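Here's the structure we're looking at; comments come further down.
The values are calculated or read from the model by the stated rules, or taken from the named source; none is laboratory data. It should be emphasised that the depicted structure is a prediction, and the values quoted were computed from it without experimental measurement. Quick reminder, even Gly has a Cβ in these numbers, built from the backbone with ideal geometry, and neighbours come from all protein chains shown. The protein model used for the area step is the full one, side chains on, heavy atoms only, and it has no ligands, DNA or RNA in it. Shrake-Rupley method; radii C 1.70, N 1.55, O 1.52, S 1.80 Å.
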Amino acid sequence: MANNIEKNVEKLIEKIINDLGYSLYDVLYVKEGKNYYLRIIIDKPEGISIEDCETVNNGVNDILDTVDYIKDAYFLEVSSPGIERTLRKEKHFLDQIGNEIEVKLYKQINKKKELIGTLDEYNENEITLNVDGEKIKIEHKSIAVAKTIYNW
């Protein structure tokens with residue numbers, strides 16, 4: 001259900017967000033405890049400020065209320081993807097080819113549930129991660145979380 005809500009909301013608001021001068025990085029609809037959250041993650045090359053989040057919030061709030069895709073009461077949050085970004089979509093992975101990422105797995109590969117390496121390839125079924133010279137193929141369904149790494 002959340003996946004359909006996320007897709008519908010993304011289609012609904014992407015043009016609005018682009019017209020405001022931002023790009024839509026992701027949409028998440030999650031339940032935490034007893035509360036539901038609709039998280040809209042935006043980006044722009046120079047980074048995101050609190051004012052940017054407020055602008056987007058104001059820009060999408062009325063249309064979300066009008067269309068009413070979400071029947072449950074929820075909190076709307078608009079934020080930046082941050083420095084270390086979660087990779088969920090094809091575009092996210094493709095943008096990171098050649099960069100170092102961290103992948104947490106549901107079950108072990110090579111006796112590890114967490115791998116850090118260079119993302120070499122992405123296709124609809126799997127990614128290829130270069131970990132210390134060893135190319136490891138990981139099916140998407142095996143990935144619990146993938147994210148970029150920022151070396152401080």
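Go through segment 101-129 residue by residue and tally those that are crowded, with 16+ Cβ neighbours inside 10 Å and at pLDDT 95 or above.
Total meeting the criteria: 13.
Looking at segment 1-22, which of its residues are in contact with a strand residue (DSSP E or B) (Cβ under 8 Å, 6 or more places away or on another chain), over 18 Å from Asp68 (Cα atoms) and open to solvent by 50 Å² or more (accessible area, probe 1.4 Å)?
Of everything in segment 1-22, just one residue is in contact with a strand residue (DSSP E or B) (Cβ under 8 Å, 6 or more places away or on another chain), over 18 Å from Asp68 (Cα atoms) and open to solvent by 50 Å² or more (accessible area, probe 1.4 Å), namely Asn18.
Looking at Asp95, Asp68, Asp52, Asp43 in this structure, which one is of a type in the set (Asp, Glu) and more than 20 Å from the chain's Cα centre (by Cα)?
Being of a type in the set (Asp, Glu) and more than 20 Å from the chain's Cα centre (by Cα) holds for just one of Asp95, Asp68, Asp52, Asp43, which is Asp68.
Within segment 23-68, work out how many residues are at pLDDT 95 or above, over 24 Å from Leu87 (Cα atoms) and either open to solvent by less than 50 Å² (accessible area, probe 1.4 Å) or in contact with a His (Cβ under 9 Å, 6 or more places away or on another chain) (or both).
So the count comes out to 1.
Does segment 75-85 contain at least one residue that is acidic (Asp, Glu), assigned to a strand (DSSP E or B) and exposed (fewer than 11 other Cβ atoms within 10 Å of the Cβ)?
Scanning segment 75-85, I find no residue that is acidic (Asp, Glu), assigned to a strand (DSSP E or B) and exposed (fewer than 11 other Cβ atoms within 10 Å of the Cβ), so the answer is no.
I'd like the full set of residues that are open to solvent by 40 Å² or more (accessible area, probe 1.4 Å) and over 22 Å from Glu10 (Cα atoms), limited to segment 131-143.
Answer for segment 131-143, where residues must be open to solvent by 40 Å² or more (accessible area, probe 1.4 Å) and over 22 Å from Glu10 (Cα atoms): Asp132, Gly133, Glu134, Lys135, Lys137, Glu139, Lys141.
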